[in-house]
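The block underneath contains the structure these notes are about, expressed in structure tokens.
Read-outs throughout are calculated quantities, based only on the coordinates presented, and are distinct from any laboratory measurement. Given the structure is predicted, the values throughout are model-derived calculations rather than measurements. So basically every Cβ, Gly included, is an ideal-geometry build from the backbone, and we count neighbours across all protein chains shown.
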Amino acid sequence: MTGDDDYVYDEATGEWRPASEMKAATAAATAVRDASGNILADGDSVVLVKDLKVKGAGQTLKQGTVIRSIRLTDDPDEIDCRHDSIKGLVLRTEFVRKR
């Protein structure tokens, strides 16, 4: 075996798989996805897919509202973003679609 032939035991399948393949599979599994299944990245623009009542702000963000320049968080189900009237807004990825 050379240094490039490192194998890792995959408990899900019960097989030994190349480390590079396992790393790629892990990265794909932890990718942040929107409501349509598209992969989101820092700086993307998203559109709301339904009306959302914002707690603490006393207003509702309407379906179709564009949110620009999102930031990913440690939680793959949430994104950090800013809206003109709401600072520090955190949205769940199930309510947005990549623009």
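Values for this structure:
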{"item": "Per-selection metrics, segment 16-72 (Cα): Rg and Dmax in Å", "result": "16.4, 54"}
{"item": "Principal-axis tilt of helix 19-29 within the chain, Cα atoms, nearest 10 degrees", "result": "20 degrees"}
{"item": "Neighbour net charge for Val49 - beta-carbon separation under 12 angstrom, K R +1, D E -1", "result": "+3"}
{"item": "The chain: relative contact order in percent, alpha carbon pairs under 8 Å with at least 6 residues between", "result": "24 percent"}
{"item": "Two-site FRET efficiency, Asp84 against Arg33, from Cβ-Cβ distance with R₀ of 25 Å, rounded to 0.05", "result": "0.45"}
{"item": "Efficiency of FRET between Ser20 and Asp75 - r from beta-carbon atoms, R0 41 angstrom, step 0.05", "result": "0.95"}
{"item": "Lysine pairs with alpha-carbon atoms under 23 Å apart, the chain, spacing 8 or more or separate chains", "result": "10"}
{"item": "Charged-residue dipole, Cβ positions (Lys, Arg, Asp, Glu), the chain about Cα centre, Debye nearest 20", "result": "1080 debye"}
